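Here the structure is laid out as structure tokens; the discussion comes afterwards.
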Amino acid sequence: MTEYGPAGAYMYQGWNLSNNALALVRRALHGHALTGDEPGADELIARGIVVWEPWNRQYSAADLQQLQRRVHQEQRARVADLLHEQTTADRFFEAMARLDKERVSGIQYVATFEEAQAALQAALADAKTLIRTAHPLTRPAEFLKISLSVDIPRLERGVGLKTIYPDSARSRGPERDWTKKVCEHGAEVRTLASDFTRCIIIDDKLAVISDHRTVPAPRNTGWLVSHPGMLAYITEVFDSQWSLAAPWMGDRARSIDGGTITTPRTREILRRFSRDQTIKQIASGMSLSVATINSEIASLYDQTGTNSHFALGAWWASSEERKIP
């Protein structure tokens, strides 16, 4: 266990002692006190081989068996730390190896509306089986007109279309017109009263989703996803939303609405407005986003010919629709 090292120093399980320190060890073990100023004393003090006795104001030899036990305990703790570090490193490199095997060019960020539209239109032009779309926000009338010019030919050549709109779309002219025309060619359209996730899925090969790193998610930027695992997840989200949505064929609204301007959701928003709740409070109370509430209010402005909260409130106060349960 003990061997000689350079310059005649002993090596105690990796501990190097100079000749001066070794001479002091002999003195200490024979009962001689040390002041701590002797050459080599700092080595012994640092290793705990000699300990300070405040009552004598001197250093004397430590209990070597107790010191050895403490050193062994510390060494075992260091070994355990090294083994843990090694295990953690192994797990890290195993995870990296899995990522390397799964590495595909399957996710691309699109930072501008033009870039997103170019990628989307290229994928839509090549669609062959089914397109799924979910639009929680109001679609501009000019976009819907352009969309019709390509949606109908695509439906005529056998490409399926499933679209989800919010309930409020039933009272908006552009969406109603678009829905009537595409449904006449075999499309399926449903609406949801609750909030839902925006996405477009083309032939189970490409999805376009919003960038949810910020709230609300920007409308004109997002991600193009072709990674098979992520595509399966996005499709599952859409299908779950689709199963909760109510069918809307052509321009036939739900019977409960009776052709009214408001929907159950917008009536609840207006009732909360009449109780002086803020948009943030309304969004929180209805478990919706602030962006969704603002979108619904903007739609109500269009439908009622108003342009302010005060004017909309006045319209609601005199409307027969506020009597609908």
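Show me the helices (runs of 4 or more DSSP H) entirely contained within region 238-325 in which 3 or more residues are at pLDDT below 90.
264-274, 290-304, 309-318
Would a scan of region 189-208 turn up a residue that is in contact with a helix residue (DSSP H, G or I) (Cβ under 8 Å, 6 or more places away or on another chain) and farther than 21 Å from I234 by Cα?
No, region 189-208 contains no residue that is in contact with a helix residue (DSSP H, G or I) (Cβ under 8 Å, 6 or more places away or on another chain) and farther than 21 Å from I234 by Cα.
Identify, from the list S149, S171, S210, the residue that is open to solvent by 60 Å² or more (accessible area, probe 1.4 Å) and among the small types (G, A, S).
S149
Of all residues in region 174-189, how many are acidic (D, E) and either buried (at least 19 other Cβ atoms within 10 Å of the Cβ) or under 32 Å from the mean Cα position of the chain (by Cα) (or both)?
Adding up the residues that qualify gives 2.
Hand me the list of strands (runs of 3 or more DSSP E) wholly inside region 54-135 holding 2 or more residues that are of a type in the set (S, T, N, Q) and either touching a residue at least 12 places away in the same chain (Cβ under 8 Å) or open to solvent by 80 Å² or more (accessible area, probe 1.4 Å) (or both).
Passing ranges, in order: 58-61.
What single numbered condition from (1) open to solvent by less than 20 Å² (accessible area, probe 1.4 Å); (2) under 29 Å from the mean Cα position of the chain (by Cα); (3) free of Cβ contacts under 8 Å to residues at least 40 places away in the same chain; (4) closer than 24 Å to I261 by Cα fails to hold for R139?
Every condition holds for R139 apart from (1).
Are there any pairs, at least 6 apart or on different chains, whose C-beta atoms fall under 7 Å, with the first in region 312-325 and under 12 Å from R271 (Cβ atoms) and the second open to solvent by 40 Å² or more (accessible area, probe 1.4 Å) and of a type in the set (S, T, Y), and if so, which?
G313/S274; W316/S274
Please determine, by comparing only the residues of region 263-276 that are open to solvent by 20 Å² or more (accessible area, probe 1.4 Å) and either touching a residue at least 40 places away in the same chain (Cβ under 8 Å) or in contact with a helix residue (DSSP H, G or I) (Cβ under 7 Å, 6 or more places away or on another chain) (or both), which one is farthest from P140 (Cα to Cα).
Residues of region 263-276 open to solvent by 20 Å² or more (accessible area, probe 1.4 Å): 264, 268, 271-276.
From the residues that got through so far, the ones that are either touching a residue at least 40 places away in the same chain (Cβ under 8 Å) or in contact with a helix residue (DSSP H, G or I) (Cβ under 7 Å, 6 or more places away or on another chain) (or both) too are 264, 271-274.
Working: P264: 23, R271: 27, R272: 27, F273: 26, S274: 29 Å.
Here the answer is S274.
Listed here are the residues, each with its yes/no results for (1) within 29 Å of the chain's Cα centre (by Cα); (2) farther than 28 Å from G186 by Cα; (3) small (G, A, S).
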| site | (1), (2), (3) |
| --- | --- |
| H227 | yes, yes, no |
| L270 | no, yes, no |
| I279 | yes, yes, no |
| A283 | yes, yes, yes |
| S287 | yes, yes, yes |
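Filtering region 293-302 down to residues that are under 26 Å from the mean Cα position of the chain (by Cα) and open to solvent by 10 Å² or more (accessible area, probe 1.4 Å), which residue is nearest to I261 (Cα to Cα)?
Applying the filter and picking the extreme gives S295.
Under 9 Å between Cβ atoms, which residue pairs at least 6 apart in sequence (or on different chains) link something in region 4-32 that is within 14 Å of R47 (Cβ to Cβ) and open to solvent by 50 Å² or more (accessible area, probe 1.4 Å) with a partner that is assigned to a helix (DSSP H, G or I) and modelled with pLDDT under 80?
N16/P6
The values are calculated or read from the model by the stated rules, or taken from the named source; none is laboratory data. Just so it is clear, the model here is predicted, and its values are computed rather than measured. Heads up, the Cβs are rebuilt from the backbone with ideal geometry, glycines too, and the neighbour counts pull from every protein chain shown. What goes into the accessible areas is simple: the full protein's heavy atoms, side chains included, and nothing from ligands, DNA or RNA. Shrake-Rupley method; radii C 1.70, N 1.55, O 1.52, S 1.80 Å.
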